[in-house]
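Asks: Dropping a structure here in structure tokens format, bear with me for questions.
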Amino acid sequence: MTAPMPARRLDRLDRLDALLGDPRTPEGPLGPETVVAADERGELPAAGIRALDAYGFNAELLPAALGGRFTRVDELAEAFRTVARRDLALATGYGLGSLTAALHVQRSGDHGRQAELAELLLAGGRVATAFTAPGPGLRAAPVGGQLLLSGAEQLVGDPAGADALLLPAALDRGRGHLLLPADPRLIASPPHSSTGLRGCRFAAVTADGLRVDPDRLVDPDGDGPARAAAVGRITGTVLGSALVGVLDTQLRTALGFAEERVLYGRPVTGLPSARALLVDAFLDLLIADCCTAVAARALHLRPGRAGLQHAVRQLVSGLVRDAVHQLSLLLGARSYLREGPHALFQKQSRDRTALATLHTGPAQPVRPITALTDRALFAAEPQLPELDLERLGRIADEPAEPAPGIDPELTAAHPELAALAVSLVERPDATGFAAAACLQLWWHGRPGHEGFRAEPLWIHAALHRLATRAGHRSTATRSGHDAALLDELRTRLAEGRTFDLAARPPAC
Amino acid sequence: MSETALDTSAEAIADWLTGRVAYYLDRPAAELRPDVKLVEYGLDSVYGMSIITEIEDRFDLELESTLAWDHPTIAAITGYLHTLVGGR
Amino acid sequence: MKYLPHELAALFDRKLGDPHDPLQAFSFARCADLDEREQFPTEICRALDELGLAQHYVPTAHGGALESYEELAALLRTVARRDLTVAIAHVSTFLGAASVWLAGSPEQAGRLAAEIRDGSVVSLALTEQQHGSDLLANELATVEGESWYRVNGEKWLIGNASRGQFVCVLARTDPAGGPRGFSLLLVDKRRLAPGSFRCLPAVRTVGIRGADISGIAFTDAEVPATAVVGEPGRGLETVLKILQLTRSLCGPLSLGTGDHALRLAVRYSLDHLGPAEGGRTAPRPLTEAYTDLLVAEAVTLAGARSIHALTGELSVVSAAVKCFVPHTVEELIASLGSTLGAGVFLSRSYLHGAFQKLERDHHIMSIFDGNTFVNLNGLINQFAQLTRGHRRRTVDEDGLAVAVDLSAELPPARGEALELLSRAGSSLVQSLPSALAELAELATLRAVPPTLGRYAEELLQVTEELHAAMADHRPSARDVPPEAFELARRWTQVFAAAACVQLWLRNREAVAGSPTAALWADGLWLEAGLARLLARLRPGTLRDGAVFDRLSDRLLDQYRDGELFSLLHCRMEETV
């Protein structure tokens, strides 16, 4: 059985885009000033919440098997990116908890909880979930046919505003998760005054001997961590895609600033180093876009390759972090001000930092990832098999393919590109994977696309960018591509198109 | 430094200097006029002081790094240099 | 060996009391609270004044206690390790006054010294809203009378512009502008006619939220002609020279913040993560961060001592310090942040949310006081001097010896020896080839591990390649190519390597028997530091990381003993 082709996918994204409004206009529900002001108040922008309600964003989070619209991770990732481009806190605060809960409950196979959750989400409710934080956590002890819940979770997304909570707890054997309706006896602390994602209102939740029915436990087998791992591979990929949206906004803000600001007698974009910095951020964005796209598809096509999503997560968060840092140097003091026309930059930066800690966790060494050969991973309009949550949760990683598979036709047509990608494959991180992902997405994506996406300009530059990051001394001079790529950026800025491969125009 | 005697006439200094400024600005020497401020040609006055090292090397001098601030045209620098090395 | 600046700093830190004790004036709890409420740390600054910190901003020649910038650096580091906001808010007076020490008349300096002794705050006002780092485009201008200047215009994003009694303003005194068209005016706000100036509202910032970052607008504000600092028309030159001092002092500010970050990370790791898998060593991200901090310290020490010992080279030294140290600490904080995870980042429940605060605070370091581009550009403009110096192996042997021998007595700082360009290049970098030969020789003699011999070879190759590329750089007045910035960045890393090698070579015997001797034995910290630097200079080469595990005990010892994370012993007032 395969997931349905995304025939209506673009329509859906267009509708979402239209409801969220043009992010450039102050009047829209998610104009920069609105988003910054909400963050200052420690809230999510109310107009943004209304727009997501009107769109039925919750249905995007609920698996189709439970009555929602979620079938494909790549589509879900695009939806998150569309929201995150305006406000990362909104994407996270509105969607992440409910998505996590929906996936977890689906995986549990508990029909009662599934029905309850589906009803709650389709009625516009929200589920709060916990993130790893110091402290002993909650414990659920069986007492007289019930579970006695005690302890505290330190980092729960807006527990006071949620309709239900999915909370991890230590069991007599193993660990599990409880799906609990909002309950005043689950005491939420005042929101932590956090530095980023402030609107998500993270708070501690304490239970002091709260009795709950044992059927609230969605992993009675104590296998909660494995399920959480499967869910984490999906949410991590979705958030990686959201980070691409954040970089889009940061690059847009910095480019707008650099075009207007006059330094040393000319606009900042007149300085070659500033142009290079902007172009590098553009390339990093395209690379991150390719990596998250392939990681999302691989969840369907290669569920056994657990290391892949992990490696992509590290690579993408590193790319976005470094690019945002560079852009902050370009913006200078404007990147540090919580007021004025560029204040959205610092807001998205703080959110990004906060999200990175939420979704990276302790750094783990990355095994080398060689390229993948499946055509479907790189096809322009791929057919994807249905998501197999059970296989996604198996911890053991399948061995990687022995050799990088660059399409022989591609190698023949563009030997220098293929050689560059192959030279990166042995890197002890995901660089080789990133090179292969970019190159093959470009190659297979050409039919049906015209213009920028199909032309070799960006892929040349992106591979050189990856090589430079990997420490290869660049042989090519960059001046050639900088001007053309900056022109592309300027055009997209003027037309309000996104900076990712899709170059989506603003919705009307 | 070359062992052959250096022509330190004002004219030779001006020719050489015009050539170097033209190189830094990446434009033909013939376009440069001795009495126009270097800043107006776009020779960044705060940071564009690299030329001082070349002058020092050529004439075996130690110069103030603010030379071009106090002598802002090719003619002014030439005049100043000539007073220092013209008698050699 | 006793490292005296650390002795002074330790005494100072002890007098400030335990920062973990919320009842102390300068406690972590209070800093967190002030940050939350965006309030100026008035009482903390008063406590620092009472302990005489401001006296260290005033040269001994004018009755103050500033004899050694190395001491000032050590003091600023201990203040920053408690709170960067406070350090930045307080050190502003040094920024404001430095021009007067350098270029002002003895009477002007004497009066300002007396004011600072009585608690006055001085502010340095350079930037304007529309012009940022482009100082020559500044518009604030004066009209000159017989014995007065009338000031019109606005300065923006100025530390302590509102709180300061004095503002040292860079003003266009020649309408035509140009490098000789600006002068510094020491404006006593209390003597301005009412209505002739107004302080602009505090700007809301991401970090250092409690600091007074505001601005000041003048409308026909009349100041006496005696307000000019030094000769009229010399303002820009003076500013560019004092920035060399303040940029060197950014090193200790970043180091102190990095110390705080690492201390929190070690604490969290011991409390919550347990020992790393398969051993008793601290997790690799912690030992790597420790290494980075030690390397940054080596750069900072060499930088602060160079103010006295290699004054004429400070234009390149200070640019290297300002680029390398804040960048290293910024990356260190980011790396520790992802190691610690969201619990530490997103909540104030853990240690007053100190980590998230210092992360926000520290972002300012790569932005203010000359951003990274300005500093790298400053180096690019001196490629000619740097490559010439490298080619000729020019080394100021006496100056270098004092700069890197931590037991050597520093000569008095001579402001008049500051130069806008370093004629001699960098003695530290230009002595690197011979220092590396010395290191390789020690490796051959098995006095240090063979790895260090290999690193020496690698570094020599990197240094030669880099200078060859720098020599190939075509100087350009306007269009500096991006590749040149990359070369300048690499040069700062080679500078850091040179600081490490020289410091290790010249002090390894003196530290024997001192509490940090184990860090120096067998070139331990040097091997770790060079491994980290080479990882950046030559990414893609796999190097053995076991050396970081060998640093684990040193890291944990310094943590448990409440010592600064440092190459040299410094006991702080710190409960563990």
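Asks: Percent of alpha carbon pairs in chain A separated by more than 43 Å?
Replies: Result for the distance tail: 15 percent.
Asks: Net charge near A:P225, counting Lys/Arg +1 and Asp/Glu -1 over other residues with Cβ under 10 Å of its Cβ? Could the numbers behind the result be given before it?
Replies: Working: positive: A:R175, A:R227; negative: A:D219, A:D223.
Result for the local shell: 0.
Asks: Over the Cα atoms of segment A:246-332, how large are the radius of gyration and the largest Cα-Cα distance (Dmax), in Å?
Replies: 16.1, 57
Asks: Write down the accessible area per residue of the protein assembly as shown in Å², having rolled a 1.4 Å probe over the full set of protein chains.
Replies: I get 36 Å² per residue for the protein assembly as shown.
Asks: Kyte-Doolittle mean at least 0.0 and Cα extent at least 27 Å along the axis: which DSSP H helices of chain C qualify?
Replies: Those that clear 27 Å and a mean of 0.0 are C:84-103, C:235-268, C:284-309, C:314-340, C:482-507.
Asks: Right, something else. From the mean inverse distance of alpha carbon pairs (Kirkwood) and the Cα radius of gyration, derive Rg over Rh for the protein assembly as shown.
Replies: Computed over Cα atoms, the ratio is 0.97.
Asks: Beyond 20 Å, what percent of the Cα pairs of segment C:40-168 remain?
Replies: Percentage above 20 Å: 49.
Asks: Let me ask something else about it. Pop out the carbon and sulfur fraction of the accessible area of segment C:63-175 as a percent, whole number, probe 1.4 Å. Write out the running numbers ahead of the final one.
Replies: On the way: 1630 of 3540 Å².
The value for segment C:63-175 is 46 percent carbon and sulfur by accessible area.
Asks: With a 1.4 Å probe and every protein chain left in place, tell me how much accessible area A:D183 has, in Å² to the nearest 10.
Replies: We get 40 Å² for A:D183.
Asks: How many percent of the alpha carbon pairs in segment A:33-77 exceed a separation of 13 Å?
Replies: I get 62 percent for the Cα pairs in segment A:33-77 exceeding 13 Å.
Asks: Can you work out D for segment C:300-418 in µm² s⁻¹ from Stokes-Einstein, where Rh is the Kirkwood radius over C-alpha pairs, the temperature is 20 °C and the viscosity is 1.002 mPa s?
Replies: 128
Asks: What does DSSP give for segment A:23-158 in terms of the percent of beta bridges that are antiparallel, rounded to the nearest 5?
Replies: Expressed as a percentage, antiparallel bridges in segment A:23-158 total about 90.
Asks: Further question on the same structure: As a check on your grasp of the helix formula, calculate [θ] at 222 nm for chain C: sum -39500 (n - 2.57) over DSSP H runs of n ≥ 4, divide by the residue count, round to the nearest 500.
Replies: Taken over chain C, the calculation gives -17000 deg cm²/dmol.
Asks: Shifting gears a bit: Averaged across the residues of C:485-491, what count of C-beta atoms belonging to other chains lies within 10 Å of each residue's C-beta?
Replies: The shielding value for this peptide is 1.
Asks: Another one. Please express the shape of segment C:211-291 as an equivalent ellipsoid: the semi-axes are the square roots of 5 times the eigenvalues of the C-alpha gyration tensor, given largest first in whole angstrom.
Replies: 50, 16, 7
Asks: Quick check: Cα centre of segment C:440-480 to Cα centre of segment C:156-208, how many Å?
Replies: Cα centroid of segment C:440-480 versus Cα centroid of segment C:156-208: 45 Å apart.
Asks: If you don't mind, there's one more thing I want to ask. Hey, can you grab everything whose amide H is under 5 Å from the amide H of C:S123? Only 5+ residues off in sequence or another chain; H modelled, so Pro and N-termini drop out.
Replies: C:F166, C:V167, C:C168
Asks: On each of the three principal axes of the Cα atoms of segment C:278-346, give max minus min coordinate, whole Å, ordered largest first.
Replies: Taking the Cα atoms of segment C:278-346, the three principal extents are 49, 29, 12 Å.
Asks: Counting only other chains, what is the mean number of Cβ atoms within 10 angstrom of the Cβ of each residue in peptide A:262-273? Don't jump to the answer; show the numbers that get you there.
Replies: Values: counts 5, 7, 10, 7, 2, 0, 1, 0, 2, 6, 9, 12.
Per residue, the number of nearby Cβ atoms from other chains is 5 on average.
Asks: Taking a cut-off of 20 Å between Cα atoms, list the lysines near C:K241, but don't count ones fewer than 8 places away on the same chain.
Replies: Counting by Cα, and skipping residues close in sequence, C:K241 has these lysines nearby: C:K322.
Asks: Counting Lys and Arg as +1 and Asp and Glu as -1, what is the net charge of the other residues whose Cβ lies under 15 Å from the Cβ of A:A141?
Replies: With Lys, Arg at +1 and Asp, Glu at -1, the neighbours total +2.
Asks: Now a separate question. Give the cross-link partners of A:K347 among the lysines, using a straight C-alpha distance below 23 Å as the criterion and excluding same-chain residues fewer than 8 apart.
Replies: Hits, sequence-local ones excluded: C:K357.
Asks: Now for a different question. Sequence-distant or interchain residues sharing an amide H contact under 5 Å with A:R211, placed H: which?
Replies: The answer is A:L149.
Asks: Name all residues of segment C:408-442 having a backbone nitrogen under 20 Å from the label point set 7 Å from the Cα of C:D522 along its Cα→Cβ direction, giving them as ranges.
Replies: C:439-442
Asks: Helix-only estimate, please: 222 nm mean residue ellipticity of chain B, summing -39500 (n - 2.57) across DSSP H runs of length 4 or more and dividing by its residues, to the nearest 500.
Replies: It comes out at -14000 deg cm²/dmol, rounded to the nearest 500.
Asks: For a Förster distance of 41 Å, can you work out the FRET efficiency between the beta-carbons of B:A10 and C:D472, rounded to the nearest 0.05?
Replies: Numbers: r = 33 Å, r/R0 = 0.80.
The formula returns an efficiency of 0.80 here.
Asks: Mind ordering A:99-112, C:372-385 by average Cβ neighbours within 10 Å, highest first? Please list the in-between numbers first.
Replies: Working: A:99-112: 21.7, C:372-385: 24.6.
The densest-packed peptide leads the list: C:372-385, A:99-112.
Asks: For A:A419 paired with A:A507, estimate the spin-label separation in nm (one decimal), with each label point 7 Å from Cα along the Cα-to-Cβ line.
Replies: It is 4.7 nm.
Asks: What are the ³J(HN,Hα) values, in whole Hz, obtained from phi via the Karplus relation 6.51 cos²θ - 1.76 cosθ + 1.60 with θ = phi - 60°, for each residue of segment C:508-517 in sequence order, with x given for Gly and Pro?
Replies: Ordered by residue, 3J(HN,Hα) equals 4, 6, 5, 7, 4, x, 7, x, 9, 4 Hz.
Asks: List the residues of segment A:122-142 whose accessible area drops by at least 40 Å² when all protein chains are present, compared with their chain alone, using a 1.4 Å probe and counting only protein heavy atoms.
Replies: Listed by number, the residues meeting the 40 Å² cut-off are A:P134.
Asks: Let me ask you something else. Averaging over every viewing direction, what projected area does the convex hull of the Cα atoms of segment C:474-539 cover, in nm²?
Replies: 5.9
Asks: Let me ask something additional. Measure off 7 Å from each Cα along the Cα-to-Cβ vector at A:T411 and B:E64, then give the distance between these two points in nanometres to one decimal.
Replies: Calculated label separation equals 6.7 nm.
Asks: In angstroms, what radius of gyration and Dmax does chain C have, counting Cα atoms only?
Replies: 23.3, 79
Asks: Based on the Cβ-Cβ distance of A:A46 and C:R117, what FRET efficiency does E = 1/(1 + (r/R0)^6) give at R0 = 51 Å, to the nearest 0.05? Please list the in-between numbers first.
Replies: Values: r = 54 Å, r/R0 = 1.06.
It comes out at approximately 0.40.
Asks: So how do C:312-321, C:105-114, C:452-461 stack up, highest first, on mean other-Cβ count within 10 Å?
Replies: Top of the packing list down: C:312-321, C:452-461, C:105-114.
Asks: Still on this structure, please answer the following. Compute the acute angle (0 to 90°) between the alpha-carbon long axis of helix B:74-85 and the principal axis of greatest extent of the alpha-carbon atoms of chain B; round to the nearest 10°.
Replies: The angle comes out at about 20 degrees.
Asks: Determine the calculated [θ] at 222 nm for chain A from helices alone, applying -39500 (n - 2.57) to every DSSP H run no shorter than 4 residues and normalising by the residue count; nearest 500 deg cm²/dmol.
Replies: -16000 deg cm²/dmol, from helical runs alone.
Asks: Tell me the Kirkwood radius of segment C:85-152: reciprocal of the mean inverse pair distance over distinct alpha-carbon atoms, in Å.
Replies: Working: mean 1/r = 0.0710 Å⁻¹.
Kirkwood hydrodynamic radius for segment C:85-152: 14.1 Å.
Asks: Now, a different point. What is the Å³ per residue value for the convex hull set by the Cα atoms of segment C:1-57?
Replies: On the way: hull volume 5.3 nm³, N = 57.
Convex hull volume per residue, Cα atoms: 93 Å³.
Asks: From other protein chains only, count the Cβ atoms within 10 Å of every residue's Cβ in C:54-64, then give the mean.
Replies: Rounded to a whole number, the mean comes out at 0.
Asks: Treating cross-link reach as a plain straight distance, find the aspartates and glutamates whose alpha-carbon is under 16 Å from the alpha-carbon of C:K155, omitting any fewer than eight places away in the same chain.
Replies: Straight-distance partners of C:K155: C:E128, C:D134, C:E139, C:D188, C:D212, C:D220, C:D369.
Asks: Next up: Based on the mean of other beta carbon atoms within 10 Å per residue, what is the order of A:307-318, A:84-95, C:557-568, C:400-411, most packed first?
Replies: Those peptides, ordered most packed to least, come out A:84-95, A:307-318, C:557-568, C:400-411.
The values are calculated or read from the model by the stated rules, or taken from the named source; none is laboratory data. This is a predicted model, so every value here is computed, not measured. Every residue, glycine as well, gets a Cβ built from its backbone with ideal geometry; the counts of neighbours run over all protein chains shown. For accessibility, only protein heavy atoms count, side chains too; no ligands or nucleic acids. Shrake-Rupley method; radii C 1.70, N 1.55, O 1.52, S 1.80 Å.
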